[in-house]
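See structure below.
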């Protein structure tokens, strides 16, 4: 996923320094701490820079630290489940939601033919929501049933094991 270039006009428009924008993106520096002296300064910086920070780093189902600090209830989700968590919370734009669902569908389809444990691992690695896996699996099963019925075979439920 391509990163957006930071434009001088973006920085000028919000009045924040690169270090301040970086802190809103990644959080306070682990060794040197925050570049803001008070919580009020941090809040004001988020209000001034939110649009820029979200445009640059709030996409593809990912959010900057400032979003989780000021707009998210509770603790931020772990990175490996961030996208599905935002999806479930309906915290994505329609474009992001469509983008992620298309990506997840490709990955769901890519796992076809693998063992059950390999599929589970693949789905987990790609953070595919269980709700989508359930729905897509049901669609796939229904399509198989329709194909079998169209070929003249009895539906799976009617087949008696010998």
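The values are calculated or read from the model by the stated rules, or taken from the named source; none is laboratory data. Please read all numbers here as calculations on a predicted model, not as lab measurements. All Cβ positions, glycine included, derive from the backbone under ideal geometry; neighbour counts span all protein chains shown.
Of everything in the range 72-84, what is closer than 20 Å to residue 122 by Cβ and surrounded by fewer than 17 Cβ atoms within 10 Å (Cβ to Cβ)? Give them in sequence order. Once the filter is applied, which keeps residues that are closer than 20 Å to residue 122 by Cβ and surrounded by fewer than 17 Cβ atoms within 10 Å (Cβ to Cβ), the range 72-84 yields 78, 79, 80, 81, 82.
Per-residue answers, yes or no, for (1) surrounded by fewer than 19 Cβ atoms within 10 Å (Cβ to Cβ); (2) within 21 Å of residue 95 (Cβ to Cβ); (3) touching a strand residue (DSSP E or B) at 6+ places or on another chain (Cβ under 7 Å); (4) in contact (Cβ under 8 Å) with a residue 12 or more places away in the chain:
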position	(1), (2), (3), (4)
43	yes, no, no, yes
51	yes, yes, no, yes
57	no, yes, no, yes
60	yes, yes, no, yes
70	yes, no, no, yes
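The requirement of being assigned to a loop (DSSP other than H, G, I, E, B), within 16 Å of the chain's Cα centre (by Cα) and within 30 Å of residue 132 (Cβ to Cβ) is satisfied by residue 59.
Among the conditions (1) under 17 Å from residue 82 (Cα atoms); (2) assigned to a loop (DSSP other than H, G, I, E, B); (3) at pLDDT 95 or above, the only one that residue 1 does not satisfy is (3). If I filter the range 120-135 for residues that are under 19 Å from the mean Cα position of the chain (by Cα), under 30 Å from residue 15 (Cβ atoms) and surrounded by 14 or more Cβ atoms within 10 Å (Cβ to Cβ), do I get at least one hit? Checked against the condition, which is being under 19 Å from the mean Cα position of the chain (by Cα), under 30 Å from residue 15 (Cβ atoms) and surrounded by 14 or more Cβ atoms within 10 Å (Cβ to Cβ), the range 120-135 yields no hits at all.
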